[in-house]
Amino acid sequence: MVSQRLQTVPASGTIAISNLVSQMKAEGIDIVSFSMGEPDFTTPSNIIDAACDSLHAGFTHYTPSTGIPELRAAIADYTKRNDNVPCDASNVLVTPTKQAIFMTCLAYIDPGDEVILPDPSWVSYEACVRLAGGVPVYIPTRFEDGFVVDPALIEQAITPRTRMIILNTPTNPTGAVIPKETLKQIADIAIKHDIKVMSDEIYSAIIYEGKHTSMASFPGMFEHTILISGLSKTFAMTGWRLGWAIAPAEDIKNINKLQSHSISCCTSFVQKAAVEALTGPQKSKFDMVAAFRKRRDLALDLISEIPGMECNVPNGAFYLFPKYNKDIPSAKLAEILLKEGHVAVTPGTAFGPGGEGFFRISYATSEDQIQEGIARIRKVLADL
Ligand code: GLU
């Protein structure tokens, strides 16, 4: 019998679909996959070279559990320069992004503590809260509002048990970007009620109008924020498993306790490659964002031609979250799309109850695949 803790969560919905897609592809089935949030680009060659060079130089041993000093400094500089966050190397813990989220929940949530998060939200926040014994408190967001969370609803949901607010902007699964004024209102609420915000800003570089605002950049907010980010999406480095948490030094010490008892440290030569990613040429990052924008526009055009489908124009990340007009649960629709249409999407309900009636398309794939995949969706919906 597994632990009661484990029984509180299902396996990750995003990973489950991507595993299924891999299996179907291995069986020779031609699948168009819009499932995994993963850039299709190869990691830029300067970053690959830095990893290879460090391997050949014998940089193959444990590193300090918090990360190599030059990487901690590079992450702090990068975040300060790009997002105006008042941090230095002592505020950085080098760790895979999902590990940072998991450890933050374990470090700060006690059994019965409430954690406020928007609905829909990326699948693993709820799971990490539950695994820590916490109670997820969903705040509904609406298609009509572009899925931007309403700060008044956050404040209404606060009780003496509220321990944390989880935010993610640009947002997975909707692509929404929370406007600066809205973030400021949430920051004021967090400061007033002395609540921590875990702010997942992994998509901060993938934004199509204006500039990303970090939660940790508001006056007085750094002390209340655990800022989470990483290399996976920005530099097409999903397989390298490298990210970070930025927070007051005391929080970093606390979270590092968990790191020291679990993964010890991140892969040594990947840390060297990460220094190159953050301090080397940035052109490929901008080229990838330009490609994502073209793909977003193409996918939106094609979806707008499907009778009965509606979609917001998202301003960030690489996801669309269209609404369909069939009376069929999103999990069932995703199954039909995959089995009959050979096109993989993630059902909206993988991201919380508010995702019913929607599905997620990750458009971080080629224009040809986008054309073909949306044509398949159109056909399946027409036949239903
Ligand atoms: N974050 C990506 C997604 O939502 C990768 C899979 C995962 O970590 O859930 O598809």
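For this structure, a couple of remarks:
- When each of D119, D83, D113 is tested for being buried (at least 16 other Cβ atoms within 10 Å of the Cβ), touching a helix residue (DSSP H, G or I) at 6+ places or on another chain (Cβ under 7 Å), under 30 Å from Q7 (Cα atoms) and among the charged types (D, E, K, R), the lone residue that passes is D119.
- The helices (runs of 4 or more DSSP H) located wholly in region 1-89 that include 3 or more residues which are in contact (Cβ under 8 Å) with a residue 24 or more places away in the chain occupy 13-26, 45-56, 69-83.
- Boolean, S362 is under 20 Å from E38 (Cβ atoms) and surrounded by fewer than 23 Cβ atoms within 10 Å (Cβ to Cβ): no
- Failed item in (1) modelled with pLDDT under 95; (2) out of contact with any helix residue (DSSP H, G or I) (no Cβ under 8 Å at 6 or more places or on another chain); (3) basic (K, R), with R293 passing the rest: (1)
- Condition check for D150 on (1) surrounded by fewer than 16 Cβ atoms within 10 Å (Cβ to Cβ); (2) charged (D, E, K, R); (3) under 25 Å from R360 (Cα atoms): one failure, at (1).
A quick yes/no check of all residues on (1) within 16 Å of the ligand (Cβ to nearest atom); (2) at pLDDT below 95; (3) hydroxyl-bearing (S, T, Y); (4) in contact with a Phe, Trp or Tyr (Cβ under 8 Å, 6 or more places away or on another chain):
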{"site": "V2", "(1), (2), (3), (4)": "no, no, no, no"}
{"site": "S12", "(1), (2), (3), (4)": "yes, yes, yes, no"}
{"site": "L20", "(1), (2), (3), (4)": "yes, yes, no, no"}
{"site": "S33", "(1), (2), (3), (4)": "yes, no, yes, no"}
{"site": "F41", "(1), (2), (3), (4)": "yes, no, no, no"}
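- Subset of region 107-145 [within 13 Å of G354 (Cα to Cα), touching a residue at least 12 places away in the same chain (Cβ under 8 Å) and part of a loop (DSSP other than H, G, I, E, B)]: P120, S121, W122, T141
- Restricted to region 235-263, and to residues there that are under 20 Å from the mean Cα position of the chain (by Cα) and either surrounded by fewer than 21 Cβ atoms within 10 Å (Cβ to Cβ) or part of a helix (DSSP H, G or I) (or both), the residue that is nearest to the ligand (Cβ to nearest atom) is T238.
- Any hit, region 316-334, residues being surrounded by 15 or more Cβ atoms within 10 Å (Cβ to Cβ) and without any contact (Cβ under 8 Å) to a residue 24 or more places away in the chain: yes
- If only residues of region 172-202 that are away from the ligand (no atom under 16 Å from the Cβ) and acidic (D, E) are counted, the one that is nearest to A100 (Cα to Cα) is D194.
- For region 197-220, filtering for residues that are more than 24 Å from M288 (Cα to Cα), of a type outside the set (S, T, Y) and outside any loop (DSSP other than H, G, I, E, B) leaves 4.
- Within region 339-384, being under 18 Å from A11 (Cβ atoms), touching a Pro at 6+ places or on another chain (Cβ under 6 Å) and among the hydrophobic types (A, V, I, L, M, F, W, C) holds for one residue alone: F351.
- All of S214, S232 fail the test of being in contact (Cβ under 8 Å) with a residue 40 or more places away in the chain, polar (S, T, N, Q) and within 19 Å of E181 (Cα to Cα), apart from S214.
The values are calculated or read from the model by the stated rules, or taken from the named source; none is laboratory data. Bear in mind the structure is a predicted one, so any value in this text is a computation, not a measurement. Quick reminder, even Gly has a Cβ in these numbers, built from the backbone with ideal geometry, and neighbours come from all protein chains shown.
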